[in-house]
Each structure stands twice: as structure tokens, then as C-alpha cells.
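Since the structure comes first, as C-alpha cells, the remarks are kept for the end.
Readers should treat all values here as calculations from the given coordinates under stated rules, not as data from a laboratory. All values reported here derive from a predicted model rather than from experimental measurement. Heads up, the Cβs are rebuilt from the backbone with ideal geometry, glycines too, and the neighbour counts pull from every protein chain shown.
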Amino acid sequence: MSIAVRALSKRYGRKWAVRELTFEVQPGRVTGFLGPNGAGKSTTMRAIVGLDRPTSGEALIGGRRYAALPAPLQEVGTLLDAKAAHRSRRAVDHLRTVAATHGIRRRRVDEVIALAGLESAATRRAGTFSLGMSQRLGIAVALLGDPHTLILDEPVNGLDPEGVAWMRGLLSQLAAEGRTVFLSSHLLSELALVAEHVVVIGRGALIADAPLAALTAREERVRVRTERLPELMRLLSGPGVTTSSGGPDVAEVTGVPVDQIAQRAAAAGIVLLELAPVHRTLEEAYTELTGSAVEYRAGSADGSAS
């Protein structure tokens, strides 16, 4: 089931949290949802699962509003608040309660406890959990109904490195099974390892909706390392070619493809110690896209905004 957001707008008083937002999340891949603080990500996710009523527009899951789904938890798994479980309730009892109210077999509780790595903490009260353990419990709840669609708000927040690696593998597996996986995250380097498609918003409006590869594509830039760097740079010079030095024997070249650099170096008998394309990171692409859409900026040490 795909998620379709169509001309979605949400206003709180005089402030528009989201305005005329349109995009679609397809099954079979992980879609990242990015934007600066205050961009409207949480509002959008809440509108998709019926927690916020849009001022106008709509958000549909499999062509229906969330409230119209006959068995929501068995069709859509959500994690919007890692601390949603009652503090005094044991983790296993929280899961059993959710399962009982949604007609989910009790055996499934044991399965998601094992899947989320909660076996040793299942009888502990949720109020004693760290943020990372609360995230695992929230993921267990989201997976309880074995849903086709997952909507997760900052699911790796608070997880230790092992937990982050576990989450990465889990998300990839779920997408490979043909499920729809939609998640927000501020850990861009981590998201870049798992997401195939990215939706970026700023100030409540759409900025980008594209494959990750398209967002990080750039004019080809190549890193070269050779002991005869000045000679190679002279061979590569020409219209549209730019170079930047990274040291006495290292440079980055733009405007000449990798194969042409190799051919010219070979013809001149220049030994290349390194020859590799340089790709733009998701963080670089994100910063370029959202530079004018950041609503809250930190102050510098001298008191100016940065």
C-alpha cells in the first residue's frame, strides 16, 4: 500500500505548519522524510495516521484514510512517540494489551519481543527504560500487527551503535519484503545507508521528492593522487575543467571523466596511486536544499545567528 499526501495543509491559529504538501511513498523501498526543525514533518505524519485533522487536503494509505482502515494496526505500524507506553506497565503487558484490543494472537507478542531484542527487559516497567529501550518497545508495537506499512518518526534516536545497525537491517528487510517504509531522521549519514528515496520539506512546503541517487548526483568530481601531480594537472587543463589541491600529491578534478584521466595519465606514463569519483553526501545535498528553509538557527558564541 502506498501513502499518498495530496495538497495537505494544516494551520494552527495563524501559523501554517504544512501547506499544499503533495508527495507519494511507494512500497518496496525505504523513503526518508527530511526537513529542519519546525518544517512540518511530525504534523504530516500525524495527519497521515489521523491524529491531526488537515485544514485542507488529505492523506491516504492504500487509497483510504487511516480512520477508514478496518484493522489499522494490522495494516499500518507507527512509532511517533517512543515514550507512549504507560510508565508503570511492564513491556510485555503493554504489548499484550495492544494485541488484545486489536485481535492479534498472543504468540505474536513473543515474536516481536524477540525481534526487537527485548527478551531480557520484557518484564521491566516501561518507566525504567532508557530512550533506546523505549524505541525498541515502540518498534515492537509498530510490528505487532505484521503491517504492510511502517511510519516511524526518528526511530534510531537514542539507540546505541548495535541498535542502529539492527534498525538498519530491519528496515532494509521490511522494504525487501515489499512493505512501505516511511521514516524521518536527523541522522543523515545513517539514513543514506538505508533509504532509496527522499522527501524533503521546509517551512511546511515540499522542497524535494527524488531518489537518493538523484539528490546526491553532481557534476563528476574525481580525486587523483600521483607523485607527478603538476604534470598531470597540465595534461588535464582546458575549458570547463577545475581543480582543487588536497596536498602536494592529491587533487580533485571537475570536468574530466574518470576514464579520460586514466587514459591521459597512461599515455604520459604517469602512475596514478589513486583515482576515484567523489560523490556528494546526503548531508551536503540536504544543506544545499534547506539552506533558506531553516526556521530555527543556533546562535554563535558572539551572539549572532549561525
Net lengthening on full extension, Thr55/Glu283 (0.36 nm per residue, minus Cα-Cα):
78.9 nm
Cα-based radius of gyration of the stretch 221-278 once divided by 2.2 N^0.38 Å, which approximates compact folds
0.95
List the longest stretch of the chain that has no exposed loop site; here a site is one of the GluC sites (Glu not before Pro) assigned by DSSP to anything other than H, G, I, E or B, with at most 11 other Cβ within 10 Å.
1-176
24 Å Cα-Cα reach of Lys83 towards lysines, excluding residues that sit fewer than 8 places from it in its own chain
Lys41
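First measure r as the distance between the Cβ atoms of Thr242 and Glu274, then evaluate 1/(1 + (r/R0)^6) with R0 = 22 Å and state the FRET efficiency to the nearest 0.05.
Once rounded, the FRET efficiency stands at 0.75.
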Estimated vicinal HN-Hα couplings, Hz - the stretch 81-90 in sequence order (Karplus 6.51, -1.76, 1.60; Gly, Pro = x):
8, 5, 9, 6, 5, 4, 4, 8, 9, 5
Could you state the principal axis extents of the C-alpha atoms in the stretch 1-82, from the largest down, to the nearest angstrom?
36, 26, 24
Angle check, please: helix 91-101 long axis (alpha carbons) against the longest principal axis of the chain (alpha carbons), in degrees 0 to 90, nearest 10.
70 degrees
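Roughly what % antiparallel, to the nearest 5, for the DSSP beta bridges in the chain?
Details: 36 of 54 bridges.
Antiparallel bridges make up about 65 percent of those DSSP assigns within the chain.
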In the stretch 1-62, which trypsin sites (Lys or Arg not before Pro) fall in coil by DSSP and have 16 or fewer other Cβ atoms within 10 Å?
Arg14
Under 17 Å from a point placed 7 Å out from the Cα of Arg234 along the Cα-to-Cβ direction: which residues of the stretch 254-277 have their backbone N that close?
264-271
Spelling out what I want: for every residue of the stretch 163-177, take phi, set θ = phi - 60°, compute 6.51 cos²θ - 1.76 cosθ + 1.60 (Karplus), and round to whole Hz; glycine and proline get x.
x, 5, 5, 4, 5, 4, x, 5, 5, 5, 5, 4, 5, 5, 7
Per DSSP H run of n ≥ 4, the term is -39500 (n - 2.57); total these for the chain, divide by its residue number, and report the mean residue ellipticity at 222 nm rounded to 500 deg cm²/dmol.
-9500 deg cm²/dmol
